[in-house]
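A short worksheet on the structure shown next.
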Amino acid sequence: MPSRRAVIAGGVTGTAALAVAGYTPSAYADGHHRRPDRVRLTVLGTTDLHGNVFNWDYFKNAEYDDAAHNDIGLAKVATLIKALRRERRGEPVLTLDAGDTIQGTPLAYYYAKIDPITGGAAHPMARAMNEVGYDAAALGNHEFNYGLDTLRTFEEQLDFPLLGANAVDPATKRPAFQPYLIKHYRVGRGRTLKVGILGLTNPGIAIWDKANVEGKMEFPGLVEQAKKFVPDLKRRGCDLVVISAHSGAATSSSYGDALPYPENASSLLAAQVPGVDAILVGHAHVEIAQQYVENETTGQQVLLCEPSYWGRRLAVMDFVVEETRSRRGRGWRLVTATSQVLNSNAVAEDARVARAVREQHDTVVGYVNSPVGTSAAALSAARAVVEDVPIIDFVNYVQADAVKAGLTGTDAALPVLSIAAPFNRSASFPAGQVTIRDVAGLYIYDNTLLGVRVTGAEVKAYLEFSARYFKQLSGTGPFTMDQVTNAVTDLAPNGTPDYNFDSVAGLDAPLTYDIDISAAPGSRIVGLAYGGVPVTDAQQFVLAVNNYRQSGGGGFPAVSTAPVVYNRQNEIRQLLIDWVIANGTIDPAEFASVDWRLVSGGAPITVS
C-alpha cells in the first residue's frame, strides 16, 4: 500500500493503483487455487463518461473535486484498466462501456460544434477510448444530441463497435447499428470460450432527440429486443451473454406513459430474458457494486453492476466458468458471477491517454476562458432551487426575447413566457468580466430553443407539475434546502432532480405566483397572475421552452403537444453567449424580478 503522501502527491499506478482503488482479488470459487477445468473471465466496465477525459472542471477552470473527493475522467480509469489487465495477464479480459460518451463537457461540445468532427477533427473521446482499447460500447441517449452525422462520424473514428440492438431502421425494423459482438477467447488445452455482448440503448431517445431521429430511427424496448437477440447469441454458441445497457436498474420512466417502454429497464431485462448472465448498467448515474436479480424463467441470479458516472468508478465483473463434457462435446457452465467497483480518485492518469488528448484539452481550456462581456453584479445559482434569483431570470429573459423576435402573424401579439431550470447550483457570474466558461457553467446542456402556444390553464398545470419537486411540509421553517427540495415521486423514485424544477417568467410583464408546499402536489400554485391580473384558463401565451421539454423530457404536461410557433434550432447556450457579446453588460436591473416564492399556508417560508 502506498503512503498517504504518495497518494496526495498525484496518484499511483500499476499494482499499487489497484490497492488504493479498493480492489479485492477474486478467487476461482474453490479457494485460492486455480483448477485446470475452470476459467475466469473479467469484464471491465465504464459508463456515462460524458466527454470527461481529464480530472478537470471546465466550468471552474480547476481540477474537479466534490464533497466526497471523487475524481473523474477516462485518463484515471485507464490506469485501473491497464493495471487489471496486467494482473489478469493470460486470462480473458473484456472492456466495455455502457454509453453517453460524446456529450457533457465543453471538450465534447467544442468538437461537435466549434471545430466539429464532421469537418475533419478527431473526437477526443475516440482518441482516448481507442488508446484504452475498448472491445465495444453501447449507444447512450446523449450520443444522439448532435445529430446522426456527428454520431456516424464518431462511430467511424472508433477502433471498436458501437452496439445498439434497439436503435432500428423504421422501414426494416432491423438494427441501424451493430447489435452485438461475439468474442472468442482461447483458454488453453484447445478450448475456446465464446462471449456474446449485446448492446441496448434507451427508448427515451425517441422523445429527447425527436428532432434528430424522427423518421430516421426508432427505439423499441430493451426487453423486447433482448428477447430477439439473446436466443440468437445462444444459437451461435455463446457460453456467456453480457449486456451493456444504457438503462438504469430501478424500473421507472421520467416520461411517464408517453412511451410503451420503460426508460430504466435493466432489472426487467435480468428478470424477463432467459440466458443473460450479467448486465453492465448505465444511464442512472448511480453506483451499484453488485446486485443480483432472479430470472423468472430459469431462476438464475443475474449480476448487475453500475460504475457511477464520469469515470469516478470502474466496474470489475468476474465470471468463473467450469468445463463440461457431454455427447455434444465440450462446453462451459457458469459457477460464479461477482462484481466490485474501483475508485479512481487516488490513482494517476494514464500518460498515453492523457497525451492523446492534451492538445485538444488545452485548446478548449483557452476557448472557455475567453471573455465575452461583464456583469454589473455578482450573480449566483446557489439558491435557485428555493427562490427566484437573477441568474435564472437572465436565462428566461434571453430565451423569451429570442422567441418574441421570431414570432409572426397573430402569435406576435401574444405575451411571451419562458421556462428555465437550475441545472447547476454552483453556477455563478462574478461582478466584472464574464467568460464563456461562466455562461457554459450556467447552461450545461446542449438544448435548442422552441416556442409553443399554450393557454393559461396549461401554464398552471405546467407549474403544478414542476412544483412536485418540493417536499410537502407545514410551517414556515427555517428549513434546510435538503428538507424542502428533490421530493421523491412516482416518476423520480430517487428524488426529483434539480433539472426538473422549472420556474416560469414573463418577458414584457411579470408572471407571478406562490408555491404552497404545505399543500399536496397538484394544488400548490396560488395567485397566478400576469402583469398583476389573474391568469384565466382561456388566456393564450407563447412559452419559450427547450427541445428536451418540448419533446416530452421530464413528462411535463401540454408542451409536447402544443402548437410550435418558433423553432430556429438555436442552441440556448450560444444564444446566452451571443446576447452577452451583443449587449456587453449583464445588468440584473434590466430583467430581474421576484416572480415566485415558496409559502406555507400563505406565509413565506425561510430556507437556510
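The values are calculated or read from the model by the stated rules, or taken from the named source; none is laboratory data. What you see is a predicted model; the values in this text were computed from it and never measured. So basically every Cβ, Gly included, is an ideal-geometry build from the backbone, and we count neighbours across all protein chains shown. Heads up: the accessible areas ignore ligands, DNA and RNA and are worked out on the full protein's heavy atoms, side chains in. Shrake-Rupley method; radii C 1.70, N 1.55, O 1.52, S 1.80 Å.
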(request) Within the range 276-300, count every residue that is over 29 Å from TYR23 (Cα atoms) and either open to solvent by less than 60 Å² (accessible area, probe 1.4 Å) or charged (D, E, K, R) (or both). (result) 2
(message) Of the conditions (1) surrounded by fewer than 15 Cβ atoms within 10 Å (Cβ to Cβ); (2) farther than 25 Å from PHE394 by Cα; (3) touching a Pro at 6+ places or on another chain (Cβ under 9 Å), ALA487 satisfies every one except a single condition; which number is it?
(response) (1)
(request) Output the residues belonging to the range 527-546 that are closer than 27 Å to TYR499 by Cβ, in contact (Cβ under 8 Å) with a residue 24 or more places away in the chain and more than 34 Å from the chain's Cα centre (by Cα). (result) TYR530, VAL535
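Taking the range 36-82 on its own, how many of its residues are basic (Lys, Arg) and either assigned to a loop (DSSP other than H, G, I, E, B) or open to solvent by less than 10 Å² (accessible area, probe 1.4 Å) (or both)? Give the derivation first.
Kept after step one, since they are basic (Lys, Arg), are these residues of the range 36-82: 38, 40, 60, 76, 82.
Still in the list and also either assigned to a loop (DSSP other than H, G, I, E, B) or open to solvent by less than 10 Å² (accessible area, probe 1.4 Å) (or both): 60.
Matching residues across the range 36-82 total 1.
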(request) Inspect the range 97-107 for any residue being assigned to a helix (DSSP H, G or I) and modelled with pLDDT of 95 or more and give the result as yes or no. (result) yes
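Any chance the range 144-155 includes a residue that's farther than 22 Å from PHE219 by Cβ, open to solvent by 40 Å² or more (accessible area, probe 1.4 Å) and modelled with pLDDT of 95 or more? Full working, then the answer.
Start the filter on the range 144-155 by keeping residues that are farther than 22 Å from PHE219 by Cβ, which leaves none.
Among the residues of the range 144-155, not one is farther than 22 Å from PHE219 by Cβ, open to solvent by 40 Å² or more (accessible area, probe 1.4 Å) and modelled with pLDDT of 95 or more, which makes the answer no.
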(request) Restricting attention to the range 404-447, report how many residues are open to solvent by 50 Å² or more (accessible area, probe 1.4 Å) and out of contact with any helix residue (DSSP H, G or I) (no Cβ under 9 Å at 6 or more places or on another chain). (result) 7
(message) Between a residue in the range 90-110 that is farther than 15 Å from GLU143 by Cα and in contact (Cβ under 8 Å) with a residue 24 or more places away in the chain and any residue that is of a type in the set (D, E, K, R) and outside any strand (DSSP E or B), which pairs come within a Cβ distance under 6 Å, given they are 6 or more apart or on different chains?
(response) VAL93/ARG85; LEU94/ASP135; THR95/ASP135
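Can you work out which of the residues in the range 196-219 that are over 18 Å from the mean Cα position of the chain (by Cα) and open to solvent by less than 10 Å² (accessible area, probe 1.4 Å) is farthest from TYR445 (Cα to Cα)? Let's see the steps before the verdict.
At the first step, the residues of the range 196-219 found to be over 18 Å from the mean Cα position of the chain (by Cα) are 196-198, 211, 213-218.
Narrowing the set further to residues that are open to solvent by less than 10 Å² (accessible area, probe 1.4 Å) leaves 196-198, 213.
Working: GLY196: 35, ILE197: 31, LEU198: 29, VAL213: 18 Å.
Of everything passing the filter in the range 196-219, GLY196 is farthest from TYR445 (Cα to Cα).
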(request) For THR561, work out the one condition from (1) modelled with pLDDT under 95; (2) open to solvent by less than 50 Å² (accessible area, probe 1.4 Å); (3) not aliphatic (A, V, I, L, M) it doesn't fulfil. (result) (2)
(message) Restricting to the range 112-124, name every residue that is closer than 17 Å to LEU148 by Cβ and either open to solvent by less than 10 Å² (accessible area, probe 1.4 Å) or hydrophobic (A, V, I, L, M, F, W, C) (or both).
(response) ALA112, ILE117, HIS123
(request) Go through LEU162, LEU181, LEU148 for me and flag whichever is out of contact with any His (no Cβ under 8 Å at 6 or more places or on another chain), more than 29 Å from ILE288 (Cβ to Cβ) and aliphatic (A, V, I, L, M). (result) LEU148
(message) If I filter the range 301-312 for residues that are buried (at least 24 other Cβ atoms within 10 Å of the Cβ), under 24 Å from ARG235 (Cβ atoms) and modelled with pLDDT of 95 or more, do I get at least one hit?
(response) yes
(message) When you check ALA384 against the structure, is it modelled with pLDDT under 95 and open to solvent by less than 30 Å² (accessible area, probe 1.4 Å), yes or no?
(response) no
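Would you point out which residue out of LEU240, LEU222 is surrounded by 19 or more Cβ atoms within 10 Å (Cβ to Cβ) and closer than 23 Å to TRP332 by Cβ?
On the way: LEU222 fails: closer than 23 Å to TRP332 by Cβ.
Result: LEU240 is the single residue among LEU240, LEU222 that is surrounded by 19 or more Cβ atoms within 10 Å (Cβ to Cβ) and closer than 23 Å to TRP332 by Cβ.
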(request) For the range 274-304, enumerate the residues that are farther than 20 Å from LEU193 by Cβ, assigned to a strand (DSSP E or B) and within 17 Å of the chain's Cα centre (by Cα). (result) VAL281, GLU287, ILE288
(request) Considering only the range 346-371, state which residues are modelled with pLDDT of 95 or more and outside any helix (DSSP H, G or I). (result) VAL347, ALA348, GLU349, ASP350, ASN369, SER370, PRO371
(message) Could you check the range 270-299 and list, in sequence order, the residues that are more than 27 Å from ASN70 (Cα to Cα) and touching a strand residue (DSSP E or B) at 6+ places or on another chain (Cβ under 7 Å)?
(response) ALA270, ALA271, GLY275, VAL276, ASP277, VAL293, GLU294, ASN295
(message) Between a residue in the range 322-335 that is under 16 Å from ARG35 (Cβ atoms) and any residue that is of a type in the set (Ser, Thr, Tyr), which pairs come within a Cβ distance under 8 Å, given they are 6 or more apart or on different chains?
(response) ARG330/THR324; TRP332/THR324; ARG333/THR324
